[in-house]
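Written below as structure tokens is the structure these notes are about.
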Amino acid sequence: MQIVLLTALGVGGASVIGAIFGFIFKKATHKFSDIVLSFAAGVMLSASVIGLILPSLDYGGKFKLLVTVLGVFCGALCVNLIDKLVPHLHRLTGVDSEAHPEKQEQLNRVILFVIAIAIHNLPEGIAAGVGFGTGDSGRAITIAGGIALQNIPEGMVIIAPMLSSGISHKRAFLIAVVTGVIEVVGTLLGFFAVSLSSAVLPFALAFAGGTMLYVISDEMIPETHSHGSERAATFSLLIGFCLMLVLDVLMK
């Protein structure tokens, strides 16, 4: 339980670390952000397949293929539903510190932007927690590490819009902390859900994998390919993916 709690704090803390970087590197280029986010996408892609979806097949029993496929689509549909209610990253990146719309309208959009990230952090946290249900702590930590890597650039991108809309540095930091706390809660929820019943483990693993695949395809890749750095972003994703493959082999 101690390692789960530490992992949850690490996953949530990554958002705070990203926010700190956001204060330091207010003028970070799109290319730099795209490369970092693409690397995180590659890590998450590898972690979702190797750490969640394939283990779902291993624990699935007689109907393993059906359970895994159903779980993947349910996870993706869940995040899709969240997207319908609260649009996320690439739909709200119009909130830019370089734009100067009417102040109240800009503030409203920034608030929506931050709420969207906070809501998405819950299923991401659940994915991190579910990984511990297999009993393979090394692989679970690897999955959580991939999600944490993704949280760092995400934490960075929320700072500049908040500051430009008139939110104070202190309040912007507190908001970033709240988004991290939500991820901690999600990680613990995921862990306790699979701990209560091993029967739900195969579906829960696939569900978590589906949420990660959706986020990667629908949000991270489009975001990293929208500023003219497609090639660098693609190779960065491949590096992240292969790094996770190497770590998975070494940790066995």
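For region 135-212, with every protein chain kept in place, what is the accessible area per residue (1.4 Å probe, Å²)?
Ligands and nucleic acids excluded, the result is 37 Å² per residue.
In what sequence, highest mean first, do 136-148, 61-73 appear when ranked by Cβ atoms within 10 angstrom?
In decreasing order of mean packing, 136-148, 61-73 become 136-148, 61-73.
What is the mean projected area of the alpha carbon convex hull for region 138-210, to one decimal in square nanometres?
Over every viewing direction, the Cα hull of region 138-210 projects on average to 5.8 nm².
How much of the calculated P(r) for region 129-252 lies past 26 Å, in percent of all Cα pairs?
Percent of Cα pairs beyond 26 Å in region 129-252: 35.
Can you tally the net charge around Ile147? Count Lys and Arg as +1, Asp and Glu as -1, for every other residue whose Cβ sits under 12 Å from the Cβ of Ile147.
-3
The values are calculated or read from the model by the stated rules, or taken from the named source; none is laboratory data. Model, not experiment: these values are computed from the prediction. Note: ideal-geometry Cβ built from the backbone for every residue, glycine included; neighbour counts use all protein chains shown. For accessibility, only protein heavy atoms count, side chains too; no ligands or nucleic acids. Shrake-Rupley method; radii C 1.70, N 1.55, O 1.52, S 1.80 Å.
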